[in-house]
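Data first, discussion second: the structure below is written as structure tokens.
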Amino acid sequence: MEKDVVEVRELSADECQTRFNEILGLYEAVGWTNYTARPERLRAGYACSLAVWGAFAGDRLVGVVRVVGDGATIVFVQDLIVAPSHQRMGIGTQLMRAVMNRFSDVYQMELLTDDGSDACALYESLGFVRGDEMGCVSYVRVAREQGE
């Protein structure tokens with residue numbers, strides 16, 4: 001496939017809501033079913049996000065990164081998704097660089113990803129370090145849905 005010219009830009013809260021079906025489609029494309037099974041929760045999450053960037057090939061949304069936090073002492077990269085048709089083209093790097101540029105003065109930037117995934121190489125190439133290499137431990141608690 002020919003490499004598309006991709007524009008990365010920050011999305012307003014209104015644009016996130018207007019483009020929500022496209023955003024949801026990205027989650028569906030990568031199989032993130034916890035989000036797609038509860039789209040109203042994901043919509044609320046986007047409404048409360050600190051910042052969101054989209055990657056566009058023409059008018060088509062092909063990637064998104066969502067950041068939460070206080071924007072001063074910590075930001076957390078909650079979701080980074082690139083459409084399977086556009087992966088391994090540098091779009092994830094462009095999205096992460098947008099986040100890193102905007103929040104360059106923030107003390108701590110964090111994220112979680114699957115161990116051993118291709119994403120690990122991306123994050124390490126951008127200067128992220130595994131928590132265990134810093135003497136840190138990460139704890140995560142995931143709420144159980146009723147009936148599960």
Turns out the strands (runs of 3 or more DSSP E) fully within region 38-146 with at least 2 residues that are of a type in the set (Val, Ile, Thr) are 60-69, 74-82
| task | Considering every residue within region 112-124, establish whether at least one is more than 18 Å from the chain's Cα centre (by Cα) and more than 18 Å from VAL6 (Cβ to Cβ). | result | no
Restricting attention to region 55-80, the residues that are touching a Leu at 6+ places or on another chain (Cβ under 9 Å) and farther than 22 Å from ASP114 by Cα number exactly 4
Every listed condition ((1) modelled with pLDDT of 95 or more; (2) in contact with a helix residue (DSSP H, G or I) (Cβ under 9 Å, 6 or more places away or on another chain); (3) among the hydrophobic types (A, V, I, L, M, F, W, C)) holds for LEU50 save (2)
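Look through region 61-78, keep the residues that are surrounded by fewer than 22 Cβ atoms within 10 Å (Cβ to Cβ), touching a residue at least 24 places away in the same chain (Cβ under 8 Å) and not hydrophobic (A, V, I, L, M, F, W, C), and return whichever of them is nearest to LEU42 (Cα to Cα).
Among those residues, the one meeting the criterion is GLN78.
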*Test VAL52 against the stated conditions and say whether it is under 14 Å from VAL30 (Cβ atoms), in contact with a Leu (Cβ under 8 Å, 6 or more places away or on another chain) and either in contact (Cβ under 8 Å) with a residue 24 or more places away in the chain or of a type in the set (Val, Ile, Thr) (or both).*
no
In region 1-32, anything modelled with pLDDT of 95 or more, under 14 Å from ASP59 (Cα atoms) and in a strand (DSSP E or B) is listed as GLU7, VAL8, ARG9, LEU11
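The values are calculated or read from the model by the stated rules, or taken from the named source; none is laboratory data. Only a predicted model underlies this, so the values are computations on that prediction, with no experimental measurement involved. Here the Cβ is made from the backbone with ideal geometry for all residues, glycine too, and neighbour counts use every protein chain on show.
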